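Everything below concerns the one structure shown next.
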Amino acid sequence: MFERQSSEELNRSTENSGGIMSFQEYAEREHDVPYVFELNKGDKTLTYYGADHSHNPENPMFADIEQRFQKSKPQLVIVEGISQLEKQKEKFKVALKESSREDIIKRMGEPGFALKLAIDAGIDVKSPEPELNEEIGHLIEQGYGKEEIFAFYMYRSANQYQRTPNTPSIEEYLQPDMEEFKTSTNWENFDYSIANLQGIGNRLWGDRGALDSEEFSEERIDPVPWGGKKDMQTVVNQIAAQSSLFRDEYMVKQLQEILKQKDKVFIVFGASHAYMQEPAIKVLFI
C-alpha cells in the first residue's frame, strides 16, 4: 500500500541546503510555537514571527503579531504563501482594506492578517515564493512522479481545507488550486480530475486517503520524519520535504537582496520555516 522511504531517499529529501536546517535535524529538536526571533546589525533589524497556522480570530497569536508589528516599525512586511502578491498587489490592497480583520483571518489566516496590518499602515509588502512551475520543475528534476507531485499539492490544499471555517465541499474548495496546478504544469495526457486524485490517494494511503479525512490530513503531507511515524511515510512526504527546502532556500536568497534595500523587516511565516531558516538568516547578520 505504502511507498516507503529508504534511508538514501530520506537523506536526499532532507539534505541540508544553504545553511537551512534539514528535516532530519528538525525531527530531533523542540521549539516554541509561535517561534519568534529578532536579529540586529547596525541599522538593520529583522523580526521573524514563526506562526502557528490559524484561521481563528480568537487566537491570541494575532494580538501578539500586531503588538510585535507595532514595536518593530517595519519598512517591509514579508508573508508566506501568496505567490501572486507581486503581480496583483493593488488588487490585494483594495480587497484587504475593504475587509475586516476577522474576515481576513478566517479566509487567509496569519499571512492575510499581517498583510492587512501593513497595508492599513501604508507599509510595503512582499511574499517571496518561487513560481509554482519552477518548484514543480525542481521536483521533476529530483525524480518524483507526476501523480505523486499532483497528490502532494492537492492534499496540501485539502489540509488547509480542514483548518478553514465555513468552506464549501472539498471538490469545490480544491477547484481553483487544481486549475492553477494544471496551468503551471500542462502535462500532456495527464488526468487532472478529482476522481484521479482520489484514486491516487487510495493507492498511496488506502483508507487514510479520503480527501476530506480530517484525522490524517496533516500526517499525509508532513515533511518531518518523526521517529514514530517515519516508517509510515510515503513518497508524498518526501516531496513535501523537497518543496519546503526549495521554498526556504528561495526565501533566504530573496531576503539577502531585500536587506540591501530595507533596514527594518517584519516576517510572518510558519513556525517550522522560521526555526529551520534561522541558521541561514543569522549568517546575513554576521
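Only the coordinates and a few stated rules stand behind these numbers; no lab work does. Remember, predicted model here, so these are calculated numbers, not experimental data. Glycine also receives a Cβ, built like all others from the backbone with ideal geometry; neighbour counts cover every protein chain displayed.
Which of the following values of Rg/Rh (Cα atoms, Kirkwood Rh) was calculated from the structure shown: (1) 0.95; (2) 0.93; (3) 1.13?
(1)
Could you size up the charge dipole of the chain around its Cα centre, putting +1 on the beta carbon of Lys and Arg and -1 on that of Asp and Glu, and report it in debye to the nearest 20?
Values: 33 positive and 50 negative charges, 213 e Å.
For this selection, approximately 1020 debye.
Gap in Å between the Cα centre of region 245-286 and the Cα centre of region 28-85?
12 Å
What does the extension gain come out to for LYS253 and TRP187, with contour length at 0.36 nm per residue minus their alpha carbon separation?
20.8 nm
Taking a 21 Å limit on the Cα-Cα distance, which of the listed pairs LYS41/LYS89; LYS97/LYS182; LYS41/LYS73; LYS126/LYS260 fall beyond it? Mind showing how you got there, number by number?
On the way: LYS41/LYS89 30 Å; LYS97/LYS182 31 Å; LYS41/LYS73 16 Å; LYS126/LYS260 15 Å.
Listed pairs above 21 Å: LYS41/LYS89; LYS97/LYS182.
So what's the net charge close to ALA51: Lys and Arg +1, Asp and Glu -1, counting the other residues with Cβ under 14 Å from its Cβ?
-4
Assign unit charges at the C-beta atoms only (+1 for Lys and Arg, -1 for Asp and Glu), then state the dipole size of region 20-100 relative to its Cα centre in Debye, rounded to the nearest 20. Spell out each step's value before the answer.
Details: 11 positive and 14 negative charges, 119 e Å.
Roughly 580 debye for region 20-100.
Would you look at the GNM of the chain, springs on alpha carbons closer than 10 Å, and say which of ARG163, ARG29, ARG208 moves the most?
ARG29
Run the dipole for region 42-173 about the Cα centre, Lys and Arg Cβ at +1, Asp and Glu Cβ at -1, nothing else charged, and hand back the magnitude in debye, nearest 20.
Numbers: 17 positive and 23 negative charges, 107 e Å.
With Lys and Arg at +1 and Asp and Glu at -1, about 520 debye.
Rounded, prolate or oblate, given the Cα gyration tensor of region 89-206, with a/c below 1.5 counting as rounded?
Numbers: a/c = 2.67, a/b = 1.71, b/c = 1.57.
Here region 89-206 falls in the prolate category.
Which GluC sites (Glu not before Pro) does region 56-114 hold that lie in a coil by DSSP with at most 10 other beta carbons within 10 Å? Intermediate results must be reported in sequence, preceding the final value.
On the way: sites: GLU58, GLU66, GLU80, GLU86, GLU90, GLU98, GLU102; in loops: GLU58, GLU80, GLU86.
The qualifying sites are GLU58.
Positive end of the dipole of the chain, charges at C-beta (+1 Lys, Arg; -1 Asp, Glu), about the Cα centre: which of PHE152, ALA121, MET232 has its Cα farthest in that direction?
The residue sitting most towards the positive pole is ALA121.
Return the loop-located trypsin sites (Lys or Arg not before Pro) in region 225-255 (DSSP other than H, G, I, E, B) with at most 16 other Cβ atoms within 10 Å of their own Cβ; answer none if there are none.
Numbers: sites: LYS229, LYS230, ARG247, LYS253; in loops: LYS229.
Passing both the DSSP loop test and the Cβ count: LYS229.
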